[in-house]
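S.K.: Please read through the structure below; I'll follow up with questions.
What follows is calculated from the coordinates using simple rules that are stated; it is not laboratory data. Everything quoted here is computed from the prediction, not taken from an experiment. Methodologically, a virtual Cβ is constructed for each residue, glycine included, from the backbone with ideal geometry; neighbour enumeration extends over all protein chains shown.
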Amino acid sequence: MEFNVSSGHPEKQKTACCVVGIFEKRKLSLAARRLDEVCQGSLSNFLQGGDLTGKEGQCALLYNLPHLSCERVLLVGCGLEKAFKENTFRKAIQTAVQKLMANNIKEATFTLPELVVKDRLTDWKLSYAVQVICDTLYTFDSLKTKKNNSSRLKRMTLMVRGRQELSLASKAIQKGQAIAQGVALAKTLGNMPANLCTPTYLGEEAQKLCRDHPHMRCTILNEPDIQKLKMGAFLSVTKGSHEPPKLITVEYGTDKKDQPPIVLVGKGITFDSGGISLKPDEGMDEMKFDMCGAASVLGAILAAKTLNLPLKIIGIIPTCENLPGGSASRPGDIVTSFSGQTIEILNTDAEGRLILCDALSYSAQFKPDVVIDIATLTGACVVALGKHASGLFSNSEPLAKELVSAGKCRGDRAWQLPLWEDYSTQLDSNFADLANVGGREAGAITAACFLSRFTQKLKWAHLDIAGTAWLRGKEKGATGRPVPLLVAYLLNRCKKEE
Ligand code: BES
Ligand code: MN
Ligand code: ZN
C-alpha cells in the first residue's frame, strides 16, 4: 500500500474516488462543501433526497458529478460534528475502506484527515488513518486455495489542511504503517491453526524477526533447559502434549547495555483444550488464539524495529500446548514454581498463569525498568469488559495511567481493574503456598492476583486480552490487539507520541 499526502484542493484531485465526510443532519464537511460548490450543488441535491443523513456507518458512492477531476465521490457518515472523536474517526475510515474494497476501487483520495478531531493534531490523524486503513485491508487467505485478490487498494492520498502540515506527514505515515505491520504479524500468527502454529513455529518466527539485525538477539530454551531452570509451573502445563515447549527470548537494542529494559511477557499457549479439566466442545477451536499475547509481543517488537526506537526491549514468550493425556497434570497436583513457591493445580484449565508466573520470575534477571505481561487469561475478563477493552492490572499507578492513555490514543483501549489484597485470600490452598484458581467470583482479578505473587519486586502491569485479542462469530479472526497500545506506549517512552 502506497500513501501520499497532499494539501491541494479536493475538487482538483485526479483520483478514482474522493472520500469526504458528511456530519449528521446532512452537514457537509469543508471538503464536501468545496466539491459541492464546484459541481453546482450535486452533493446537497443528493443529500436532499434523504438517502444519507450523516449517521455513523452510512456511505454512498456518487458517479459522474459535473466539473470535478475525480471519477467518483464517496460520502461517509461521520455522526454529530460536535461528537466527532477518535472512535468516530476510526469508524468513518473503516466504512470508507470497506466500501472502496467492495467496489473494487484501486486508488482513492481521503479528505477525512482534514476534519477536526477533538484534542488530536495532524500527526495523530495521519498516523492513525494509516493504521486503520491498513488494518481494514488485512486479509488472511494463505490457507485457502482460491485467493481473494480482486479488490486490493493500491494507492491512497491523504489530504491535510495546509502546506505546513506536509513536513511531518512522512514520519506520521511511517508510524502508522509500522503499527499496522506489527498488528498484521500478530493477526497472522493468531489466525494460524494450532497444527501449524506450534511452539516450535513461534520460535522460528522470533528468530526470523531478529535475523539480519545487528542489535537483536533471539534465544530459545528447550525442555531440558527449562527443566534445568526448575520451572515446575511452566513444565506442568506441557506434560500432556507431544509438541516440545519453548521459552523464547527476543532482545531488541542489545547495544544499549546500560539501559534498563522494557520487558514484554506474552502467553503462548498454542492450543488450550483445558487439559484434564477439559473445556466444553463449543467454540474450542478458538483456543488456537490462546497465543495472541505472544503474538502481540512479536508484533510490538517488529514495530519497534521498523521505527528504530531508541529503547531496550526484551520479549519473553513461554509457549506450549495444554492437552489432556496419560502424562498430563491432574487436578490436585502440586508443583514448585521457578520462584520456589509451591502451587496446587486445582484446575488444569487455569494454565496461562502457570506458564506466566515462571516467565515473570525469570524476567527479573534482566533488571527491567518495567514488565508488562499480555495474556488471553480469563473468560471472566470477557464477561466483565467484552470485546471493547482489555483488562489492565498494575502494581504501579503511573504505569497503569500510561498504558490507559496509550491505548486510548490508538483505538485499543484498556480499563483498569483493582488488584486489592482482599481478593488474594481466594487463592489460599490447604496443601500448597497458593492454588491456581480462586473460585467463581472476580475471576479476572484473582488471576491477576495470582501473577502479582510473582512480581512483587517488579514494576509490573498485566493486560488480560481474552476479550479483545480476537473477534467471535461471523467476523472470527485475530485483531492484533494490543499491539497498537504497546507501540504507543513504547513511542511515549521515547516521546514520539502526543
Ligand atoms: N485461555 C483461557 C481463557 C479464555 C477463555 C480466553 C475463553 C478467552 C475465552 C484460560 O486458559 C482459561 O481457560 N481460563 C479459565 C480459568 C478458570 C479455570 C479459573 C477460564 O477463564 O475459564
Ligand atoms: Mn485454559
Ligand atoms: Zn488458556
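S.K.: If I model a spin label at VAL116 and GLN98 as a point 7 Å from the Cα along the Cα→Cβ vector, what separation in nanometres do I get?
M.R.: 2.9 nm
S.K.: Taking the dipole about the Cα centre of the chain, with the C-beta of Lys and Arg at +1 and of Asp and Glu at -1, give me whichever of GLY240, ALA447, GLY391 is farthest to the positive side.
M.R.: Positive-most Cα among the choices belongs to GLY391.
S.K.: To continue, here is another question. May I ask you to list the residues of the stretch 132-170 whose amide nitrogen lies under 19 Å from a point 7 Å from Cα along the Cα→beta-carbon direction of LYS14?
M.R.: 154-159
S.K.: Here's a follow-up. Work out the length of the dipole vector of the stretch 181-497 about its Cα centre, built from +1 on the beta-carbon of each Lys and Arg and -1 on the beta-carbon of each Asp and Glu, and round it to the nearest 20 debye.
M.R.: 1060 debye
S.K.: Which one of VAL437, CYS357, THR342 is farthest out on the positive end of the charge dipole of the stretch 181-497, using unit charges on Cβ (Lys, Arg +1; Asp, Glu -1) and the Cα centre as origin?
M.R.: Value computed over the given set: CYS357.
S.K.: Hey, got a sec? Which chymotrypsin sites (Phe, Trp or Tyr not before Pro) in the stretch 219-298 land in a DSSP loop and have at most 15 other Cβ atoms within 10 Å?
M.R.: none
S.K.: What does the charge count near LYS106 come to, summing +1 for each Lys or Arg and -1 for each Asp or Glu among other residues with Cβ under 9 Å from its Cβ?
M.R.: Combined, the nearby Lys, Arg, Asp and Glu give +2.
S.K.: I need the calculated FRET efficiency for the pair THR53 and HIS215, taking r as the beta carbon distance and R₀ as 35 Å, to the nearest 0.05.
M.R.: With R0 = 35 Å, the Cβ-Cβ based efficiency is 0.05.
S.K.: Residue separation times 0.36 nm, minus the C-alpha to C-alpha distance between ASN87 and LEU196: what's the value?
M.R.: Between ASN87 and LEU196, full extension yields an extra 35.7 nm.
S.K.: Using Cα-Cα distances under 8 Å and only pairs 6 or more residues apart, what relative contact order does the stretch 2-160 have, in percent?
M.R.: 31 percent
S.K.: Let me ask something else. If each of LYS256 and LEU61 carries a label point 7 Å out from its Cα toward its Cβ, how far apart are those two points in nm?
M.R.: 4.5 nm
S.K.: If you don't mind, there's one more thing I want to ask. Please compute the length gained on full extension between ASP141 and LEU278, using 0.36 nm multiplied by the number of residues separating them and subtracting their Cα-Cα distance.
M.R.: 46.3 nm
S.K.: Packing-wise, with mean Cβ within 10 Å as the measure, how do 124-137, 158-171 rank, highest first?
M.R.: 124-137, 158-171
S.K.: Place the peptides 72-82, 428-438, 57-67 in order of packing, highest mean first, counting for every residue the other Cβ atoms within 10 Å and averaging per peptide.
M.R.: Order by mean packing, descending: 72-82, 428-438, 57-67.
S.K.: Suppose R0 equals 56 Å. What FRET efficiency, 1/(1 + (r/R0)^6) with r the Cβ-Cβ distance, do GLN40 and THR336 give to the nearest 0.05?
M.R.: With R0 = 56 Å, the Cβ-Cβ based efficiency is 0.10.
S.K.: Exactly which trypsin sites (Lys or Arg not before Pro) in the stretch 174-243 are in a DSSP loop and have at most 10 other Cβ atoms within 10 Å?
M.R.: In loop regions of the stretch 174-243 (DSSP not H, G, I, E or B), the sparsely surrounded trypsin sites (Lys or Arg not before Pro) are ARG211.
S.K.: Please tell me the relative contact order of the chain in percent, rounded to the nearest whole number, where contacts are Cα pairs under 8 Å and at least six residues apart.
M.R.: Relative contact order for the chain comes out at 14 percent.
S.K.: In percent, how large is the relative contact order of the stretch 204-360, given Cα pairs closer than 8 Å and 6 or more residues apart?
M.R.: RCO, the stretch 204-360: 34 percent.
S.K.: Order the peptides 272-281, 480-489 from the highest to the lowest mean number of other Cβ atoms within 10 Å of their residues.
M.R.: Put in order of decreasing packing, that is 480-489, 272-281.
S.K.: About the Cα centre, and with charges only on the beta carbon of Lys, Arg (+1) and Asp, Glu (-1), how big is the dipole of the stretch 2-160? Nearest 20 debye, please.
M.R.: Approximately 300 debye in magnitude.
S.K.: Still on this structure, please answer the following. Let's see if you can work this out: charge +1 on each Lys and Arg Cβ, -1 on each Asp and Glu Cβ, no other charges. What is the dipole magnitude of the stretch 16-78 about its Cα centre, in debye to the nearest 20?
M.R.: Charge dipole of the stretch 16-78: 140 debye, to the nearest 20.
S.K.: Quick one: grab Rg to one decimal and Dmax as a whole number for the stretch 9-134, Cα atoms only, in Å.
M.R.: Rg and Dmax of the stretch 9-134, Cα atoms, are 13.3, 37 Å.
S.K.: Once the Cα gyration tensor of the chain is diagonalised, what are the square roots of 5 times its eigenvalues, in whole Å and ordered largest first, as equivalent ellipsoid semi-axes?
M.R.: 45, 22, 21
S.K.: Place +1 on the Cβ of every Lys and Arg and -1 on the Cβ of every Asp and Glu in the stretch 2-160, take the dipole about the Cα centre, and give the residue among SER42, TYR128, MET101 whose Cα lies farthest towards its positive end.
M.R.: Value computed over the given set: MET101.
S.K.: With runs of 4+ DSSP H residues as the only contributors, calculate the mean residue ellipticity of the chain at 222 nm using -39,500 (n - 2.57) per run, divided by the residue total and rounded to the nearest 500.
M.R.: -10500 deg cm²/dmol
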